[in-house]
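These notes are about the structure you will find just below.
What follows draws every value from the coordinates through simple rules; no lab data is involved. All values reported here derive from a predicted model rather than from experimental measurement. With ideal geometry, Cβ positions are generated from the backbone for all residues, glycine too; neighbour counts draw on all protein chains shown.
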Amino acid sequence: MSKPIYVLSGPNLNLLGTREPEIYGHQTLEDVRGLCEARAKALGYAIVFRQSNHEGELIDWIQEARAAACALVLNPAGYGHTSVAILDALKAVDVPVVECHLSNPAARETFRRKTYVSLAATGVVSGFGAASYELAVEAAAGLVRQRL
Ligand code: DQA
């Protein structure tokens, strides 16, 4: 059995479904977890699905993923635009990293157009709502298979 795909979400994503639904949709984070689990299972993988509002906790989980995960899907939320520390943590990860956003930050405010996470990600999936996570899990599984 392969190691799991880690799916990590950053600040405010615990409010999914009620937070700016016109931008982020009506599905909750539990709905997103279900979608990711189903997609990963169909591809033969398990997931570890976690959310935190705290930068340090996200960094601890990214460090944990170095040994415990076969790939990492990360929606850094607002920290993507600000956190050099999360970028540094990702640079120490040797497994594929897929950055994921529900919205399309490139089509929003100027300050969202840059994410530090992109500098360490193999690829980015954004703009498809909850489906961004499913697509990111699929991309991560594909990258793992390429490495085997
Ligand atoms: C987000 C986009 C970010 O700009 C924002 O800060 C978020 C969510 C997204 O999933 O679309 O919190 O990462």
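Which of the following residues is of a type in the set (A, V, I, L, M, F, W, C) and under 25 Å from G17 (Cα atoms): A71, A38? Walk me through how you get there before you give the answer.
Details: A71 fails: under 25 Å from G17 (Cα atoms).
Going through A71, A38 in turn, the sole match is A38.
Among the residues that make up segment 48-55, is at least one of them buried (at least 20 other Cβ atoms within 10 Å of the Cβ) and charged (D, E, K, R)? Checked against the condition, which is being buried (at least 20 other Cβ atoms within 10 Å of the Cβ) and charged (D, E, K, R), segment 48-55 yields no hits at all. Of all residues in segment 21-53, those satisfying the criterion of being under 22 Å from Q63 (Cα atoms) and among the small types (G, A, S) are A40, A46, S52. Sub-9 Å Cβ pairs linking a first residue in segment 129-148 that is more than 16 Å from the ligand (Cβ to nearest atom) to a second residue that is charged (D, E, K, R), at least 6 apart or interchain, are E138/R39; A141/R39; V144/K3, ordered by first then second residue. Could you tell me which residue of segment 108-117 is nearest to the ligand (Cβ to nearest atom), considering only residues that are outside any loop (DSSP other than H, G, I, E, B) and under 21 Å from V32 (Cβ atoms)? Step by step, filter segment 108-117, then rank; the result is R112.
Among the conditions (1) within 16 Å of the ligand (Cβ to nearest atom); (2) in contact with a helix residue (DSSP H, G or I) (Cβ under 9 Å, 6 or more places away or on another chain), the only one that K91 does not satisfy is (1).
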